[in-house]
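Please read the structure below before turning to the comments.
Bear in mind these aren't lab numbers, they're just calculated from the coordinates by the rules spelled out. Because the structure is a prediction, the values reported are computed rather than measured. In this analysis, Cβ positions are derived from the backbone assuming ideal geometry, glycine residues included, and neighbour counts consider all displayed protein chains.
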Amino acid sequence: YQGHFSWEKYLKETGAIAAPAHCFRQSTTPPANEFKAGMKLEAQDPRNTTSTCIATVVGLTGSRLRLRLDGSDNKNDFWRLVDSHEIQPIGNCEKNGGMLQPPLGFRLNASSWPMFLLKTLNGAEMAPARIFHKQEPPAPEQNFFKVGMKLEAVDRKNPHFICPATVGALRGVEVLVTFDGWRGAFDYYCRYDSRDIFPVGWCALTGDNLQPPGTKDRLCAPNPNPLPPSARDLLSGTLRPPSARRTPPYIVLPKTPGALPEASVE
Ligand code: MLZ
């Protein structure tokens, strides 16, 4: 469900172009999601990426899973694409000589982990290996994004949301994702091959609920006097995209490595 937001209209109104599919590390057809709520799998602990934990699917949205680590609380759910390499069928860790770890913030005494693991897996519905995707799509060979291109991006402060965004800047292999209509409050830099950014139209294909742009600045307001396309072409060499025209400095919060995602503010 896309509300009343239409990319087609919005691109016309903003005179912007959608970043082409070859910019993204995403499959052209979103991967099928055959998972079910309650299924268990192995996942890397997002707060401690060297450890592999048991996770339960607590929700599904488009090609993504909402996951909760067994033994953790319900305040640290995270979302993964079904074709993420960070999720594996149960048994994979051990097969590779690893050991399943308690999640960071395990709610019981560390000594009770072996018994907890036994109990959590006993009688559990394990996600079958066939519904996992063999590998992630390949990364584009370089950063093909251009400032001003539109895309859909995970709001990392509210990771259940995918929102309309604009490339605000480029920094080597990194892309500044700016959220339309939010005055920079949710912006972040990510690598060009991040799995959190998608081409325009992704949510329409997966059935995800694309959030409409915010109303906090003129980025989302339709231009009352749009230039005719011919004039736009003429000026396109000199005009910078709206996102690049915002008055600096606007604040991008520093990202603490390993910081917890902030609790959702809705
Ligand atoms: N309810 C929250 C959600 C903001 C989501 C922004 N996404 C780019 C707020 O209004 O702050």
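A few remarks follow.
- Sorting the segments 58-65, 150-157 by their mean number of nearby beta carbons within 10 angstrom, highest to lowest, gives 150-157, 58-65.
- Pairs from Lys157/Lys216; Lys36/Lys134; Lys134/Lys157 whose Cα-Cα separation, in the structure shown, is over 21 Å: Lys134/Lys157
- For the range 1-102, the orientation-averaged shadow of the C-alpha convex hull comes to 8.9 nm² (one quarter of the hull surface).
- Reachable aspartates and glutamates from Lys9, criterion Cα separation under 16 angstrom, eight or more residues apart if same chain: Glu152, Asp180
- Neighbour net charge for Ile197 - beta-carbon separation under 10 angstrom, K R +1, D E -1: 0
- A simple count of charges around Ala18, restricted to other residues whose Cβ falls under 14 Å of its Cβ and scoring Lys, Arg +1 and Asp, Glu -1, yields 0.
- Environment charge at Met126 (Cβ cut-off 11 Å; Lys +1, Arg +1, Asp -1, Glu -1): -1
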